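What follows draws every value from the coordinates through simple rules; no lab data is involved. What you see is a predicted model; the values in this text were computed from it and never measured. Don't worry about glycine lacking a Cβ; one is built from the backbone with ideal geometry, like all the others, and counts go over all protein chains shown.
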Amino acid sequence: MTGSINVALLGSKFMGRAHSNAWLKVGKFFDVDPVPVMHTVVARNTAELDQFARRWGWQHSSTDWQSVVASGDIDLVDIGTPNDVHAEQAIAALEAGRHVACEKPLAGTLADAEAMAAAAESSAAKTFVWFNYRRVPAVALAQRLVAAGALGRIYHVRAAYLQSWGGPDTPLLWRFQGDIAGSGAHGDLNAHIIDAVRFVTGEEIVTVEGAMEHTFIEERELLEGSAGGEIAGSGAATAGSKGRSTVDDAVMFLARTSGGALASFEATRLATGYHNANRFEIHGEKGALRFDFERMNELGFYNLDSDDAVQGWTTIDVTRSGAGHPYVEAWWPDSHGLGYEHSFINQASDILNIVGGKEPLVAMPDFADALKTQRVLHAAVESARNHAPVEVADLSSLRRDVT
Ligand SMILES: NC(=O)c1ccc[n+]([C@@H]2O[C@H](COP(=O)([O-])OP(=O)(O)OC[C@H]3O[C@@H](n4cnc5c(N)ncnc54)[C@H](O)[C@@H]3O)[C@@H](O)[C@H]2O)c1
């Protein structure tokens, strides 16, 4: 294939910027075919939209996502909107024959996620989910090491995603509104680490053994005339006027994997001292791995095959193209570190690889794959609310309105 595809981006705030940057840069650093054309950006805020389009190089802007998605000019719809509209937008795009790249979590509810996966299954178009942390070189290398047998049988997985922006001064953004977000730290952060654990270990989460969810801050200041702006620090709160937070601030759960490992997951927006500590540790019969996004250019490896006298944690600098570190060849010389935005640009290159009929460098979650993560999210909430273990495979018989 030699050609181009017209992209329409829905959403122009946090992920709008991350995705715009990815479509803008991907062809500069990767040999992509097709080449993305930044055709139209869609968002609700007309005042800022034109300026956003000009700044990032979008040819057109619109506040009407339905007509953009239906337009024959568009080949790929990129969804960076709040979770409650993912299903409506993705299904409309798939029915119009567009490829769809959707932000995580796949949806706010399991029912929405199932409808999206069903629409993807009956469409010839391709689907992609922005679990961008798979494309951090250290995480991609961890997956390669596990797949090559470096850890052997896996005994333990310990995953945590710790942020602290959700204190009492943070207003009632959409992320604290259950009807929009679906859940709080759980769908926002546990979604990422569930995906990372599934990806790196190659094992599925089969049982949630127990879970806890908690809302520490039950009321937050209302944002003036808005359903909630960007992640933090945006939008003026209306003095004194408060609304109810209807999501968790933190969720922890214990699980078993298909390979028999014991796993723990913790997501919180109230981990004072941590800002974006997206971490996992994996212990196997032959070695162990550890990763923390706050030191994203490093991967920790403990190798029981090395001489006993020198055994210890090795900190691998994962920025060396000569060492074959994933994606690094496209970027800078050794130890010229990568950042958050590179994971999105790396993902854009793999989306284009797949659209062009080539293999992605790293396995890409589509809607069917992201539905598996959504089912684990849902199982954890069921487990927390019923104080009971939940088999992920049994979920079809359970309530659908939780996650
Ligand atoms: N992959 C990641 O690391 C990551 C990080 C942050 C957010 N996300 C996900 O990205 C999505 C968006 O989050 P965000 O932080 O960018 O939110 P945001 O509030 O910063 O931006 C939301 C954007 O969507 C637009 N929008 C809202 N409703 C719309 C509608 N009905 N039609 C068209 N546009 C609409 C808004 O105008 C705004 O531009 C969420 O699903 C979130 O979970 C993923």
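Things to note:
- Taking the inverse of the mean 1/r over every pair of distinct Cα atoms in the chain gives a Kirkwood hydrodynamic radius of 21.7 Å.
- Here the Gaussian network model covers the chain, with springs between Cα atoms less than 10 Å apart; of Asp308, Asp31, Asp75, Asp308 fluctuates the most.
- The chain: antiparallel DSSP beta bridges as a percent of all, rounded to 5: 60
- The convex hull of the Cα atoms of segment 263-314, projected and averaged over all directions, covers 4.6 nm².
- From the alpha carbon centroid of segment 303-330 to that of segment 127-193 is 23 Å.
- Projected-area mean, segment 134-355, by convex hull of Cα positions, square nanometres: 14.6
- Rounded to the nearest whole Hz, the Karplus-based 3J(HN,Hα) values (6.51 cos²θ - 1.76 cosθ + 1.60, θ = phi - 60°) of segment 46-62 follow the sequence 4, 4, 9, 5, 4, 5, 4, 4, 5, 4, 9, x, 6, 6, 9, 9, 7, with x at glycine and proline.
- Shape class of segment 304-403 from the alpha-carbon gyration tensor: oblate, with a/c at 1.5 or above and b/c at least as large as a/b.
- The mean sequence distance of close C-alpha pairs (under 8 Å, at least 6 residues apart), as a share of the length of segment 295-352, puts its relative contact order at 27 percent.
- Backbone HN-Hα couplings from phi across segment 326-339 [Karplus 6.51/-1.76/1.60, Hz, Gly and Pro as x]: x, 6, 5, 3, 6, 10, 10, x, 3, 6, 9, x, 9, x
- Among His336, His378, His192, the ranking by other beta carbons within 10 Å of each residue's beta carbon, starting with the fewest, stands as His336, His192, His378.
- Vicinal HN-Hα couplings computed from phi for segment 295-307 (Karplus, 6.51 cos²θ - 1.76 cosθ + 1.60; Hz; Gly/Pro x): 10, 5, 8, 10, 10, x, 9, 10, 10, 5, 7, 6, 3
- When segment 21-156 is reduced to its Cα atoms, the Kirkwood hydrodynamic radius in Å: 16.9
- Taking amide H as placed 1.01 Å from N in the peptide plane, Ser4 has its amide H under 5 Å from the amide H of Val35, each at least 5 places away in sequence or on another chain.
- Violating pairs (Cα-Cα greater than 23 angstrom) within the set Lys104/Lys126; Lys13/Lys372; Lys104/Lys242; Lys13/Lys104; Lys13/Lys126; Lys25/Lys358: Lys13/Lys372; Lys104/Lys242; Lys13/Lys126
- Three-way shape call for segment 1-101 based on the alpha-carbon gyration tensor, with the a/c threshold at 1.5: oblate
- Efficiency of FRET from Cβ geometry, Asn45 and Arg153, R₀ 51 Å, rounded to 0.05: 0.50
- Amide N proximity, segment 165-186 versus Glu224 label position 7 Å along Cα-to-Cβ, cut-off under 19 Å: 169-174
- Counting beta carbons within 10 Å around each of Val197, Val310 and listing the fewest first gives the order Val310, Val197.
- Relative contact order %, the chain, counting alpha carbon pairs below 8 Å whose residues are six or more apart: 21
- The fewest-to-most ranking of Glu329, Glu204 by surrounding Cβ atoms within 10 Å reads Glu329, Glu204.
- Centre-to-centre separation between the Cα atoms of segment 31-82 and those of segment 353-376: 22 Å.
- Highest-first arrangement of 278-288, 262-272, 355-365, where packing means the average Cβ count within 10 Å: 262-272, 278-288, 355-365
- For the chain, a Gaussian network of Cα nodes joined below 10 Å ranks Ala148, Ala113, Ala379 by mean-square fluctuation, and the top entry is Ala148.
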